[in-house]
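Written below as structure tokens is the structure these notes are about.
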Amino acid sequence: MFDITDASKSTEEIAQQLLGHLLVKETDSGVMSGWIVETEAYLGYEDAAAHSYLGKRTPRLHSMYQKAGTVYIYQMHTHKMLNIVTQPEGVAHAVLIRAVEPNEGEKLMQLNRKKNGVDLTNGPGKLTKALNISMEDNGLSIFEKPLYLDLSKKLEPIHIEASPRIGIPNKGEWTEANLRYTVSGNPYLSKKRGKVSMDNGWKTMLE
């Protein structure tokens, strides 16, 4: 079974292994969930695009320096961005969840977003609003309710594509580094979707 706390796994590996896992948010209004279809890896000290580049530490970054599985949420403009810490405490690597394919509670997501169709969750700020993920979730464990990964279910991608991260200008080699991972053919990808597959890029459900 997938183990995000396995210190032998690189953040790049974890970013790919998260694809197809089910992200769940439980609220008083109901349960919402979505299959992860797009991630980006951020590699800490050496990564010029990471918040923790060159060991930067601020109160906002506290969660990023915690143990693997810690939820790190930051705000960009009016959007909340969901990240999952991937390395042992003090090693500030994380994976940004950029898009999900809705599974449970889609009508509730539509109420939260005032949108429907692929525009519902095809971006990092969109999915957090749809799933009612807020700054209150920052610092929590991704293994515990109300915001968690349901590791009992998984969809298997037919093909995972690696490409440069979105919105990373003027960072030299880190702008072009292939640290964005997507389920090829899935309609819910945030950008550069390419051709949409009839099966949304999935094989079959795994137990």
- Message: Need one number for segment 1-40: average projected area of the convex hull over its C-alpha atoms, nm².
- Response: 3.5 nm²
- Message: Using the Cα centre of the chain as the reference point, and only Cβ charges (+1 on K/R, -1 on D/E), how large is the resulting charge dipole? Debye, rounded to the nearest 20.
- Response: 780 debye
- Item | Relative contact order, percent, segment 125-207 [alpha-carbon distance under 8 Å, six or more residues apart] | 27 percent
- Taking only DSSP H segments of four or more residues, each worth -39500 (n - 2.57), what value at 222 nm results for the chain once the sum is divided by all its residues, to the nearest 500 deg cm²/dmol? -3000 deg cm²/dmol
- Ellipsoid semi-axes in whole angstrom, largest first, where each is sqrt(5λ) of the Cα gyration tensor of segment 140-207: 25, 20, 10
- Can you list residues whose amide H is under 5 Å from Tyr72's amide H, if they're 5+ apart or on another chain and H is modeled 1.01 Å from N? Asn83, Ile84, Val85, Gly139
- Task: Please give every one of the aspartates and glutamates within straight-line cross-link reach of Lys203, meaning a C-alpha to C-alpha distance under 13 Å, and leave out same-chain neighbours fewer than 8 residues apart.
- Result: Glu156
- Cα-centred dipole magnitude for segment 1-123, charges only on beta-carbon of K, R (+1) and D, E (-1), debye, nearest 20: 560 debye
- Message: For Cα pairs less than 8 Å apart in space and 6+ apart in sequence, what is the mean separation divided by the residue count of the chain, i.e. the relative contact order in percent?
- Response: 24 percent
- May I ask you to give the average projected area over all directions of the convex hull of the Cα atoms of segment 1-85, in nm² rounded to one decimal? 6.9 nm²
- Item | Candidate lysines for bridging to Lys129, where Cα separation is under 19 Å - those fewer than 8 sequence places away on the same chain excluded | Lys25, Lys80, Lys107, Lys114, Lys115, Lys145, Lys191
- Message: Defining a contact as two alpha carbons under 8 Å apart and six or more residues distant in sequence, what relative contact order in percent does segment 21-74 show?
- Response: 17 percent
- Message: I need the phi-derived Karplus couplings for segment 128-140: 6.51 cos²θ - 1.76 cosθ + 1.60, θ = phi - 60°, integer Hz, Gly and Pro marked x.
- Response: 5, 5, 4, 8, 6, 8, 9, 5, 5, 7, 4, x, 7
- Message: I'd like the carbon and sulfur percentage of the solvent accessible area for the chain, probe radius 1.4 Å, heavy atoms only, ligands and nucleic acids excluded.
- Response: 50 percent
- Task: For percent of Cα pairs over 24 Å apart, several values are listed as (i) 40; (ii) 50; (iii) 35; flag the one computed from this structure.
- Result: (iii)
- Message: Applying a 10 Å radius around every beta-carbon, put 33-44, 122-133 in order of their mean neighbour count, most first.
- Response: 33-44, 122-133
- Note on the structure: Between Lys154 and residues 5 or more places away or on another chain, the pairs with built amide H atoms under 5 Å apart involve Leu206
- Item | Per residue, in Å², the accessible surface of the chain once ligands and nucleic acids are set aside, probe 1.4 Å | 48 Å²
- Counting every C-alpha pair in segment 98-192, the percent lying more than 20 Å apart is 49 percent
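The values are calculated or read from the model by the stated rules, or taken from the named source; none is laboratory data. Remember, predicted model here, so these are calculated numbers, not experimental data. Positions of Cβ are generated from backbone atoms using ideal geometry, with glycine treated the same way; all protein chains shown enter the neighbour counts. In case anyone asks, the SASA skips ligands and DNA or RNA and just uses the protein heavy atoms, side chains included. Shrake-Rupley method; radii C 1.70, N 1.55, O 1.52, S 1.80 Å.
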